[in-house]
Every structure is written in structure tokens, then in C-alpha cells.
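> Before we start, here is the structure in question, set down as C-alpha cells.
The values are calculated or read from the model by the stated rules, or taken from the named source; none is laboratory data. Fair warning: this is a prediction, and the values are worked out from it, not measured in the lab. Neighbour counts are summed over all protein chains in view; Cβ atoms, including those assigned to glycine, are modelled from backbone coordinates with ideal geometry.
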Amino acid sequence: MRAIVIALLSVITMAFTVNAGAQETRRIAVDMGDQVYRGESTIPLKRLIRRQYPNVNFDNWNLLRVRLVAKSRRGRGRASLVVGGWQSYDERIGGRPVDFDWDQPRSFDRIVFQNNARRREGNGRWQIQMRGNIKVRRVVIVAERKRRGGGGVVRTHCASWGDNYNTCEMDGRILDAEIIRKHSNSRCRMNRDWGYRGRTLWVDNGCRADFRVRIRRRF
């Protein structure tokens, strides 16, 4: 029973939350399973996000901040946020030897990194670099969709029937797209079963889904 509860909490933890407003933001919490890192190590944030959400293109989002829930064995661990070519100052990760193998939440330190890169470097790398003997419980990423001028957001259905390639034309150049509801039993993997180029959204291998598409119209 306890395992079922933990599994449900894990699913809830990794869910998106979307805030209403002019700028759409998303909070992604990734459970790291108390993974231990030793020496010089890196947490690749984009790779973690894409593993959980393969249909979302985060090159079209700006990173706002990251919260690292972790502890170091002797309180000497260090961590910094890397976004593109920018790197934050090192932050100390607290901890004590007696607490390192303790499972209680209060034994973990919580470090918040604000992304102060000049352009937020959405297309660059998103990483946490660490040094020391560190146990990581969770990484929470907050990102916002990039503002694009002269565009709009449309919802459309595009379907591959009989595993055949199909295209759906948009009323403008596609800036980014994502699946909001899948209707097929077939997988819908970005750049394998669906994608976009120019004004065209394409699907293949039986992928059928509703898409949210951001386009730029030219008048």
C-alpha cells in the first residue's frame, strides 16, 4: 500500500502546473530518487525534462529559476546553475554526516537558483554543476514560454491513418507546437512520429493528436 501511495505522489509531483496570465509558466518537479553524486558531477536539466515530457520543445521556453533539494555528507557540497554561457555563483549545500542516510525531508537543504543570464539563453544548456558528496532528492524547474511578436496560438487536430504520413497546413509559420491530447494507441514521439517545418505540421506512424500550435502570421 505504501508503495502505491509513493508512486501516486511521484506522478503528481512530476505534473505540469500552468499559471493563467499573459505569460504562460510551467513548474516541473523531477523526483531524483535520493541519487548520490560524488566528486565533480552535472545534472542535465533539459535531458531530465525531455525524459518526462518528450512532446514538449523547451527550446521555446525561458528558464526562470531552479530549486535543488539536496544535502551533502559534511555540509561542504557546492552547486551552481549553468544556462548557456552563463554560470551562477557557487551555493553551499548543507548537511551533516549523521543526517546523510536519514530519509526525513527536513534533513535536506533547499537551494534556489535564479536565472540571471542576460537573454535567459533558452536555446543553450540548462545544467546544475555540483562538487562534493551530495544526495539529491528533487529538482524543481520553473520556465516561461518565450514572447513572440506577431503570432497567435491555435488548437488543431492532425492524424496519421493507417500508419501513413500526413500533413496539416497552418495559417502562418509554426514557431512551436506541442501535444495537448493524444487520441491514438500508437506513440507520438516528437521528430519521429510528428513534427513541424515552415507552415506544415506533420504526423506519421499512426500518431493522432490534438496540438497546440504557436504561429506567426504575415500580413
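> Give the residues of segment 203-219 that are part of a loop (DSSP other than H, G, I, E, B), touching a strand residue (DSSP E or B) at 6+ places or on another chain (Cβ under 7 Å) and at pLDDT below 90, sorted by residue number.
Matches in segment 203-219: R217 only.
> Assess whether R192 counts as being within 14 Å of N55 (Cα to Cα) and in a loop (DSSP other than H, G, I, E, B).
On the way: within 14 Å of N55 (Cα to Cα): yes; in a loop (DSSP other than H, G, I, E, B): yes.
Yes: the conditions hold for R192.
> Might you check whether a residue that is out of contact with any Lys or Arg (no Cβ under 7 Å at 6 or more places or on another chain), within 20 Å of N60 (Cα to Cα) and without any contact (Cβ under 8 Å) to a residue 24 or more places away in the chain occurs anywhere in segment 178-190? Step through it out loud before you land on a result.
From segment 178-190, those out of contact with any Lys or Arg (no Cβ under 7 Å at 6 or more places or on another chain) are 179, 181-182, 185-187, 189-190; that's our starting set.
With the extra rule that they be within 20 Å of N60 (Cα to Cα), the set shrinks to 179, 181, 189-190.
Filter again for without any contact (Cβ under 8 Å) to a residue 24 or more places away in the chain, leaving none.
Checked against the condition, which is being out of contact with any Lys or Arg (no Cβ under 7 Å at 6 or more places or on another chain), within 20 Å of N60 (Cα to Cα) and without any contact (Cβ under 8 Å) to a residue 24 or more places away in the chain, segment 178-190 yields no hits at all.
> Just to be sure, is N164 surrounded by fewer than 18 Cβ atoms within 10 Å (Cβ to Cβ), at pLDDT 90 or above, more than 25 Å from the chain's Cα centre (by Cα) and not assigned by TED's automatic domain parsing to the domain that holds P54? Write out each step before concluding.
Numbers: surrounded by fewer than 18 Cβ atoms within 10 Å (Cβ to Cβ): yes; at pLDDT 90 or above: yes; more than 25 Å from the chain's Cα centre (by Cα): yes; not assigned by TED's automatic domain parsing to the domain that holds P54: yes.
Yes; evaluated as a whole, the condition is true for this residue.
> Restricting to segment 181-199, count the residues that are under 18 Å from D171 (Cα atoms) and exposed (fewer than 14 other Cβ atoms within 10 Å of the Cβ).
Taking segment 181-199 first, the residues under 18 Å from D171 (Cα atoms) are 195-199.
Filter once more, so that each one left must be exposed (fewer than 14 other Cβ atoms within 10 Å of the Cβ): 197-198.
So the answer is 2.
> Got a number for residues in segment 167-202 being modelled with pLDDT of 90 or more and in contact with a helix residue (DSSP H, G or I) (Cβ under 7 Å, 6 or more places away or on another chain)?
The qualifying residues number 0.
> Can you find even one residue in segment 86-100 that is surrounded by 14 or more Cβ atoms within 10 Å (Cβ to Cβ), among the hydrophobic types (A, V, I, L, M, F, W, C), touching a strand residue (DSSP E or B) at 6+ places or on another chain (Cβ under 9 Å) and in contact (Cβ under 8 Å) with a residue 40 or more places away in the chain?
Looking for residues that are surrounded by 14 or more Cβ atoms within 10 Å (Cβ to Cβ), among the hydrophobic types (A, V, I, L, M, F, W, C), touching a strand residue (DSSP E or B) at 6+ places or on another chain (Cβ under 9 Å) and in contact (Cβ under 8 Å) with a residue 40 or more places away in the chain, one finds at least one in segment 86-100, hence yes.
> Output the number of the condition that H157 fails; it satisfies all remaining conditions of (1) in a strand (DSSP E or B); (2) crowded, with 17+ Cβ neighbours inside 10 Å.
Every condition holds for H157 apart from (2).
> Here's another thing I want to ask about it. Being among the charged types (D, E, K, R) and either free of Cβ contacts under 8 Å to residues at least 12 places away in the same chain or surrounded by 16 or more Cβ atoms within 10 Å (Cβ to Cβ) (or both) is the filter here, so list the residues in segment 104-118 that pass it. Show your work before the answer.
Of segment 104-118, the ones among the charged types (D, E, K, R) are 106, 109-110, 118.
Scanning segment 104-118 gives R106, D109.
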